[in-house]
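For reference, the structure is listed below as structure tokens.
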Amino acid sequence: EVAQSDKLDLSLVSDFALGSGVDVNLAAGQASELTRDTFELLQFSSNVLNEGYFPKRPIHKEDGSNTISSNALFNGFDVDMVTKSDPVMLQAAEMAALSAAIYQTRMIKILHQYGHSLVHNMTTANIAWLVTDSVMKPTNTNGMDDPCILRTIVLRGYDASDESVDREGLVAEICNATRTRLMNGIEVHQGLLAIAEELYDEIVPYIDMASPSHKIAFAGHSIGGSLSNILIMLLCKRRGVGFVKERITNVFTFGAPPIAAHSDPNRIVSDRTLDDKAYCGILDAFGLEGDFVQSFIQPWDPISRLFSELDALYPLVEDLGDDGLTPWVNGPPRTLRPIFRRILEAASVWPRMRDSYELTASCKFLHIGVPHLLLPEPSRYLTDRLVSVNVAVPPTETIARCKSVEFYPILKELFPIDEFSISYVSVAIRSFIHHFHPAYGFALEEFTLEQRDVNRKATGRRI
């Protein structure tokens, strides 16, 4: 401790600091700002831990007014918690399992586990796909009165381990994301549209050969989900929306990148967004309801943001040298950048991929369907967001269903990923692990396991 007689004259300290080029007022302001940021960080963490994800329902007070919690994570957004018994969740878990099975050698065993028979499987345009038949039972969401046969068409995403396909050629098509006109003002991903048109010719006969009483569903992980969405658009264009509504029940996508936008942005945000929580401007342009597509997203999955306004990967590739080839000539080195740079430069497809990918900055594709966010328990969300990165996929504790028009604002505000943070190895590994098919197949299977056991005991059938 400093004795009273030894106390420093603050004016002398200030004069010395100014003489040394230190702005005392600026330093004090920075310290104050740091203190405020720290307080806000602690307050945010406390709110999430105490209030959770979802705002509490309005409480009716004696004076007739209402009060509602304002500190939950999703406060300000129109978000609902999905129950494990929701029929949509049970079917989504089944579709996620099929979408994961197509990557695995034990595919047939998984199909049989869920009561599906394999009808056909093959590869077209470097995309593996399969067709299954199963019994679809009536629920309060599918509008059916009697059981029917459900024919499911599953499309695989990019599989780096599959040497039987042209992987570099597929990457080049994925990066060829320039917008091309389809119909009704909708513009889609040019490279994936070309693939979908080849798939259409092979897949549609399996729709036509099915009995008129059959129902059809599409499912896919990653670009398999994106291609499923484009195939539905092609069916609307070539067969009409009436055919699609009559024959197709739903599309289920898991970590699918957006692949469509409207030439008139005003069509995307409609007055219907206020009253219809399932409204989706892209699907509305085809005459389809928003809940026709049910999408599921791990919130730290960067692939689900590709080609959108939140794409964190594009800036990593757009920074080219004067030679037009060397990526990332500027900016911080980070650990991942030089590694990925060497991979790109060594790939024979890089020049062609670069030319296509440079044009994607203005794509700003939009999310399709009703988004569902797979969430861990709140403390894990906080550690991933604020403290450290655990690369493992956490168990899904709850699922949040939100509006399509609010999906990107939610990701931007509550689950931020940018080109700098994703350049760190730990964040990059976490991001891509959260995109791989187990992050969806296993996560949804575990989330619905208890309810499926209840249903199995009630029906005598393994679900």
* Counting only heavy atoms of protein chains, what accessible area per residue, in Å², does the range 186-243 have with a probe of 1.4 Å? -> 30
* Asked: Quick one: length gained pulling Lys245 to Phe44 fully straight, 0.36 nm per residue minus the C-alpha distance?
  -> 67.9 nm
* Structure fact -> By the Cα gyration tensor axes a ≥ b ≥ c (a/c under 1.5 gives rounded; else a/b larger than b/c gives prolate, otherwise oblate), the shape of the range 180-232 is prolate
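The values are calculated or read from the model by the stated rules, or taken from the named source; none is laboratory data. Since we're looking at a predicted model, the values are computed, not measured. When the accessible area is computed, the model is the full protein with side chains, heavy atoms only, and any ligands, DNA or RNA have been set aside. Shrake-Rupley method; radii C 1.70, N 1.55, O 1.52, S 1.80 Å.
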